[in-house]
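Step one of this worksheet: look at the structure below.
All of the numbers you see were taken from the coordinates with simple rules; none came from a lab. Predicted model only: the values in this text are computed from it and were never measured. Cβ coordinates were reconstructed from backbone atoms using ideal geometry, including for glycine residues, and neighbour counts include every protein chain displayed.
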Amino acid sequence: MDLSLTEDQEALQKMVREFAAREVKPLAAELDREARFPKELVRRMAELGLLGIEVPEAYGGSGLDPISYVIAMEEVSAACASTGVIMSVNNSLVCDPLLKFATEAQKQRWLVPLARGDKLGCFMLSEPNAGSDAAAQKTTAVRDGDGWVISGVKNWITNGPQADTGILFTMTDPERGNGGITAFVVDMHGEGVSRGPKDDKLGIRASHSCQIFFTDHRVSDDQILGQVGGGFKVAMATLDCGRIGIAAQALGIARAAFEAAAEYALDRKTFGRRIIDHQAIAFMLADMQVGIDAARLLTYRAASLKARGQRHSVESSMAKLFASETANKVAKDAIQVFGGNGYVTEYPVERHFRDAKITEIYEGTSEIQRVVISAGLLRRK
Ligand code: CAA
Ligand code: FAD
C-alpha cells in the first residue's frame, strides 16, 4: 500500500495551502465575528478550480481525483471551516450527484455553471421533521399536466441564502415510503421558491443556512434527477461522498487547533519551563497528533475506495465519525493548552471549538454514522 501523494496531488496541496494562508486565514476571525458570507473567497475558489474539483474538464471542472478533493478541503477548512463547508456543498452535494445521475442535457444546463463556479449550489434533504429520518419527507411534488408542482419546507440549507441551483428531494408517492421519493434539480430564483432569514449559529458562522419554502413551484420532467421514486438512493449515494468531505473539514479544523496549541505550548512558560516541558501538556499534544493522523488515514481510505469505484458507505461513515469526534476532542484540549487565553476571541482556538461541533451533526449525526457502520456489519453476517 502506497501512502504517499502523487506529484499532482502534492502540487495541488501546495497551491491550496498557499491560497489558504495568504487569502483565507487572515479573514477567518473577522468572517466569524461578523457572520459574513465570504463572497470574495468563493469567487477566488472558482478561479482556482476548487468548486468542481472532481468534475471532468469537459464539464467545467478540474478533473481531479477524490484524494485531491480531500486535500483541498483539509487545507481550506484549516484556514476557515465556514469557507470549507461552502466549498464542500458545491462539490460533493451538488456537482457530484449531477455528475452521477444527470442526463447529458442536464449536465450541460446545470453542472457546467456550478463546476465553473459561475453559480452556487445547495442540497435540500432535511425538513423540520425529517433530519436523521431522511425518508420521512413531507415536501410533495404532485403531477400536473406535463410537469410537477412542488410544495413544502426545507430546513438548515447550507448556501441556501446565496444558492442559484438546488438538488431537491420530494415525496411523489407517499404509499411507497422511501421508494416514493424523487429528486429534482431546481432553479432557486424560480417562482414559488423563497428563503427564510439566515440561521444564527454557534459555529461556521460565515457559512449561511436558512429554511427554503416551496409554494406551488412548477418544474418539468427534464428536472428529474435519476428516476421517479429513485430519490432516496440519490440522497444516500450523495451522502456517501459528502461525508468524506465533512471528514476532511473536521481534519482541517483539528489540524488548525493542534498547530495553534503546539505553537503556544513552545512559547508559554510556567514554573520556569515551557508548558510543553510539562508532561501533561506534551501528552495532550501527542494524543492530538495520533488522532489527526488516524482521521486522515480513514479519510484517505474512503476517498481511495471512491476513486476505485467501490462502494464506500461504511468507510465514509467511519471517516466522518472518527474525524469529527477527533476535531471536537482536539479543539477542546487546545483550549486547555491555552488556559485562559483559550477562552477568549483574541486567539483562534475558541473558534475551532465552536466550528468543530457541527461536524458531529450535519451530513448525519454521529449516532447515524454508527447506524450506518453497524448496519454494514450486519450485512456481512
Ligand atoms: N447507497 C445506495 N442506496 C442506499 C444507501 C446508499 N448508501 N443507503 C441505503 N440505501 C438504500 C437501501 O438499500 C434501501 O433500499 P431498498 O429499500 O431497495 O432495500 C433504501 O435505501 C432504504 O435504506 P434504509 O432502510 O437503510 O433507510 P432508513 O430509512 O433506515 O435510513 C439512514 C437510513 C442511514 C438513517 C438515512 O436516513 C440517513 O443517512 N440519515 C441521515 C440523513 C443525513 O445525513 N442528512 C444530511 C443532510 S445534508 C447536510 O447535512 C449537508 C450539510 O450540512 C452541509
Ligand atoms: P434529529 O433527527 O431530530 O436527531 C436528534 C437527536 O436524536 C440526535 O442526537 C440524533 O443523533 C438522535 N437520533 C435520531 N435518530 C436516531 C437513531 N435512529 N438512533 C440513534 N440516535 C438517533 N440538511 C440538508 O439537507 N442540507 C444542508 O445543506 C444542511 N446543512 C446544515 C447546516 C447546519 C448548520 C445544520 C445545523 C444542519 C444542516 N442540515 C442540512 C441538517 C442536518 O443534516 C440535520 O440537522 C441532521 O441530519 C440531524 O437531523 P435533526 O437536526 O433533525 O436531528
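Hey, if you put +1 on the Cβ of every Lys and Arg and -1 on every Asp and Glu Cβ in the chain, which of Ala375, Leu120, Ser220 ends up farthest toward the positive end of that dipole? About the Cα centre, the residue reaching furthest to the positive side is Ala375. Across all directions, the average projected area of the convex hull around the alpha carbons of the stretch 228-381 is 10.9 nm². Need one word for the stretch 207-259: rounded, prolate or oblate. Basis is the Cα gyration tensor (sqrt eigenvalues a ≥ b ≥ c); a/c below 1.5 gives rounded, then a/b vs b/c decides. Oblate, because a/c is 1.5 or more while a/b does not exceed b/c. Over the stretch 1-124, the alpha carbon radius of gyration divided by the compact-protein estimate 2.2 N^0.38 Å works out to 1.05.
Here the stretch 1-155 is assigned +1 on the Cβ of each Lys and Arg and -1 on the Cβ of each Asp and Glu. Its dipole about the Cα centre then comes out at about 580 debye. When each full DSSP H helix of the chain is screened for a Cα extent of at least 24 Å along its own axis and an average Kyte-Doolittle hydropathy of at least 0.5, the helices passing are 231-267, 279-307. The P(r) of the chain has a tail past 34 Å containing 26 percent of all C-alpha pairs. For the stretch 117-223, the mean projected area of the C-alpha convex hull, equal to one quarter of the hull surface, is 7.2 nm². Inter-part distance, the stretch 266-314 to the stretch 96-154, computed on C-alpha centroids, equals 36 Å. The separation of the stretch 179-256 from the stretch 324-381, counted between C-alpha centres, amounts to 22 Å.
Rounded to the nearest 20, the Cβ-based charge dipole of the stretch 200-336 about its Cα centre (Lys and Arg +1, Asp and Glu -1) stands at 240 debye. What does the C-alpha gyration tensor say about the overall shape of the stretch 109-178? Classify as rounded when a/c is under 1.5, otherwise prolate if a/b is larger than b/c, or oblate. Here the stretch 109-178 falls in the oblate category. Working ranking of peptides 111-118, 308-315 by packing, defined as the average number of other Cβ atoms within 10 Å per residue, highest first, is 111-118, 308-315. Residue ranges 45-53, 237-245 sort as 237-245, 45-53 when ordered by packing (mean number of other C-beta atoms within 10 Å per residue, highest first). Projecting the Cα atoms of Val55, Ser88, Leu98 onto the dipole axis of the stretch 18-105, where Lys and Arg carry +1 and Asp and Glu carry -1 at the beta carbon, places Ser88 farthest toward the positive end. Projected onto the charge dipole of the chain (+1 at Lys/Arg Cβ, -1 at Asp/Glu Cβ, origin at the Cα centre), which of Val186, Ser151, Asn129 gives the Cα projection farthest towards the positive end? Result: Asn129, furthest along the dipole toward the positive end.
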